[in-house]
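Coordinate-derived values only; no laboratory data. Treat the numbers as computed from the prediction; the structure is a model and nothing was measured. Cβ coordinates were reconstructed from backbone atoms using ideal geometry, including for glycine residues, and neighbour counts include every protein chain displayed.
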Amino acid sequence: MSKRGLTAAVLAAAAVFGSAVPASAASRPLSHARIVAHFDVAAGQQPENILVEPGGVDLVFAGSFQVVRIGNDGRRRVLATLPAPDDGGVNTPGIGVAIATGIARGTDGSLYVGYAAGGDDLTGVWRIRPGEKPERVIPLTAASFPNGIDVDQRTGDIYVADSSRGILWRAPSGGGIPVVWSAAPELAPTTLFGANGLKVHDGAVWTSNRDRGTLLRIPLGRHAGRVETRFTGAPGIDDFAFAGDSVLAANVGANEVVLITPDGTSSTVLTGADGLQQPTAVAIDGHTVYVTSAAYFSRQDPNLLVAHLNGR
């Protein structure tokens, strides 16, 4: 899509979100789903994660190791590119290629990005600051697959889901040597990846387990609290976002987005018919829902989809 076409699509979506939602649409959790940006899979532009910013969103492109900002006007700007491993990341657990993963903003305004690079020299969490080169500030070994990241805005502590080792790491504000915050068996993988998406929310760390298809809540504290399984039944679950008391979760394996309610039930709210191509993450800004599709399996049309969140 040309820049002019993308701009028109974004502005058209914004116009829809600002208008009244018809009664027929309001009865559904999501409505007016549309793709507002298409990316180039050959260039590694597979959006793995997303962060809402004033005036736009930041996307992590998995295969090009880039963080890219897309403004509400459709303009794209590369904020940073992480250094590529010399061997392409052949020792990256589970997949054999390097991949940039989660993203979060720290209390100081810095961006933090996960990087599973297959080597001790690059794997970990990288900090991105305007005008500075990316810097690895939380080192992990080649055996780790840092995935979902979030920051406790009260303390500044950074939490990282390690998908290959089934560990949640905690590191000090601004980075540093991480400690194992939780290695509960509920976090462990069974075939490929365990703890995956991660959010700090309402006094707890929430994480998904991709292999087990679960959504877990662990109360915050110097030591992790008891793991609470809040949902099960969605193998392939990836990252997620909170919509009031409910959760919207991307299921990369089933090519759908599901709405998980507080009682642990779920319903499918977006599918391939809406344009999904193996969705990896969800972000919410008011009544606007953003979904990234990385097209890891189809290798066709990685994209950014937006929809309207009704009645929440």
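Before moving on, here are some points about what is shown:
- Compared with the direct C-alpha span, the chain from Phe242 to Thr261 gains 5.8 nm at full extension, assuming 0.36 nm per residue.
- Extended-chain gain in nm, criterion 0.36 nm per residue less alpha-carbon gap, His287 and Ala188: 32.2 nm
- Our estimate of slack between Arg76 and Val52, defined as 0.36 nm per intervening residue step minus the Cα-Cα distance, is 7.2 nm.
- Between Gly174, Gly124, Gly244, the Gaussian network model of the chain with springs among Cα atoms under 10 angstrom shows the greatest mean-square fluctuation at Gly244.
- Residue-averaged 222 nm ellipticity for the chain, from DSSP H runs of 4+ at -39500 (n - 2.57), nearest 500: -2000 deg cm²/dmol
- When every Cα-Cα distance of the chain is counted in 20 angstrom steps from zero, the calculated P(r) takes the values 36, 59, 4 percent.
- Listed by Cβ neighbour count within 10 Å, with the fewest neighbours leading, Val97, Val289 appear as Val97, Val289.
- The simple spin-label model puts a point 7 Å past each Cα toward its Cβ; for Ala273 and Thr141 those points are separated by 4.9 nm.
- Applying the criteria of a DSSP loop state and at most 16 other Cβ atoms within 10 Å to the trypsin sites (Lys or Arg not before Pro) of segment 203-238 yields Arg222, Arg226.
- Mean Cα-pair separation over length for segment 184-298, i.e. relative contact order, pairs under 8 Å, 6 or more apart, %: 16 percent
- Max mean-square fluctuation residue, GNM over the chain, Cα-Cα springs under 10 Å, options Ile95, Ile237, Ile149: Ile95
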